[in-house]
Amino acid sequence: MARILKGAPVTAGLNEKMSRQVEELKSKGIVPTLCILRVGAEPDDLTYEKSAKKRCEKAGVEVQVVALPKDVDQATFDEALMKANSDDNIHGILMFRPLPEQLDSEKARQMLDPSKDVDGCTDASLAHVFAGYENGFPPCTAEAVMEMLHHYDIQIKGKKAMVIGRSLVVGKPVSFMLLSEDAAVQICHKKAPCAEAFAKDASHADILVVAAGSAKLVRPEFTNPKQTIIDVGINFDEEKGGICGDVDFAAVEPMVENITPVPGGIGSVTTCILVKHVIEAAQRRLLCC
Ligand code: NAD
């Protein structure tokens, strides 16, 4: 039986620290505030918004939601983003993506003030991850993976890691974050498909991070008894309903040493990291003013 790496103990520790930091900021007259910029009302966005609001509330962080209609034009969107950028009372901006087709996503990404980019999408934030640049923040999910490994004292240095998925939101940043903590990292993706080779390589990995968005992709042949699996995937469970990860949990859990569940794993840590970034953005502002 594997040790189940739940998100709750990780968030409990973070929540306690964050509440103290918020109290300290408030005693200096600063109320850390997140602006959520949402276009349309996609169910995934609404679910994430709900849990982000709940987490912020718990820590004492204010939330302002700017909800724009799905067919909003570029000028109106730009104006809303610039307003959030220039509002000194807003410390972090979460911009749900992908944006609808009529909007220029790349322009939006470049327009976002890097000091408020709490979900790590601007070039400054990516430079933070890939080149150790001081400004910006890593994407929340990638940092959540690292936070989970640190919390449960999983050794990274000198270990073999495999990351399945290479998106800019999870796969690539997490690969570099593992690399910068001295793991040897292999990255797999859909355009180099060779399921058998993946499985064989994965079975040699000490740490397997899966962020593919493909239910039950990871099966027992991907594993070894000393392995730690971090399952980032969120998929609809066709058999049971509800959500499931990228790992065939029932089949894989008895075969490995540590594994994160879905739900109850990385998802909750991700929203907590978002709140942590808003607080850090407020602290950074205080330091530079
Ligand atoms: P994405 O679609 O942008 O990227 C998926 C990546 O996985 C791609 O690089 C693709 O090449 C690779 N991939 C897909 N199928 C594969 C296969 N069979 N073999 C090898 N590689 C494969 O998705 P994303 O935004 O990176 O998200 C990945 C998953 O993580 C999704 O299920 C998403 O819902 C979930 N997610 C969870 C959180 C969280 O907080 N828990 C946050 C972000 C994303």
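The values are calculated or read from the model by the stated rules, or taken from the named source; none is laboratory data. In this text, all values refer to a predicted model and were calculated from it rather than measured experimentally. Cβ atoms come from the backbone with ideal geometry, glycine included; neighbour counts cover every protein chain shown. These area figures cover heavy atoms from the full protein model, side chains too; ligands, DNA and RNA do not enter into them. Shrake-Rupley method; radii C 1.70, N 1.55, O 1.52, S 1.80 Å.
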Whether the stretch 13-98 is rounded, prolate or oblate, judged on the alpha carbon gyration tensor where a/c under 1.5 counts as rounded | oblate
Pairs LYS6/LYS54; LYS50/LYS276; LYS172/LYS240; LYS116/LYS172; LYS28/LYS54: which are spaced more than 27 Å apart, C-alpha to C-alpha?
-> LYS172/LYS240
What ³J(HN,Hα) values, in whole Hz, does the Karplus curve 6.51 cos²θ - 1.76 cosθ + 1.60 give for the stretch 123-135 when θ = phi - 60°, with x put for Gly and Pro?
-> 4, 4, 5, 5, 5, 4, 6, 8, 10, x, 4, 6, 7
Go through 263-271, 97-105 and give me the packing order, highest mean Cβ count within 10 Å leading.
-> 263-271, 97-105
Cβ-Cβ FRET estimate between GLU257 and GLU196, R0 fixed at 25 Å, reported to 0.05 = 0.60
Solvent-accessible area per residue for the stretch 118-226 (1.4 angstrom probe, square angstrom) = 47
Output for the stretch 176-217: trypsin sites (Lys or Arg not before Pro) sitting in coil per DSSP, at most 11 other Cβ within 10 Å, listed by number, reads LYS190, LYS191
Taking only protein heavy atoms and a 1.4 Å probe, what accessible area per residue, in Å², does the stretch 60-99 have with all protein chains in place?
-> 53
Among beta bridges assigned by DSSP with both residues in the chain, the antiparallel ones amount in percent, to the nearest 5, to 5
How large, in percent, is the carbon and sulfur part of the accessible surface of the stretch 1-64 at a probe radius of 1.4 Å?
-> 52
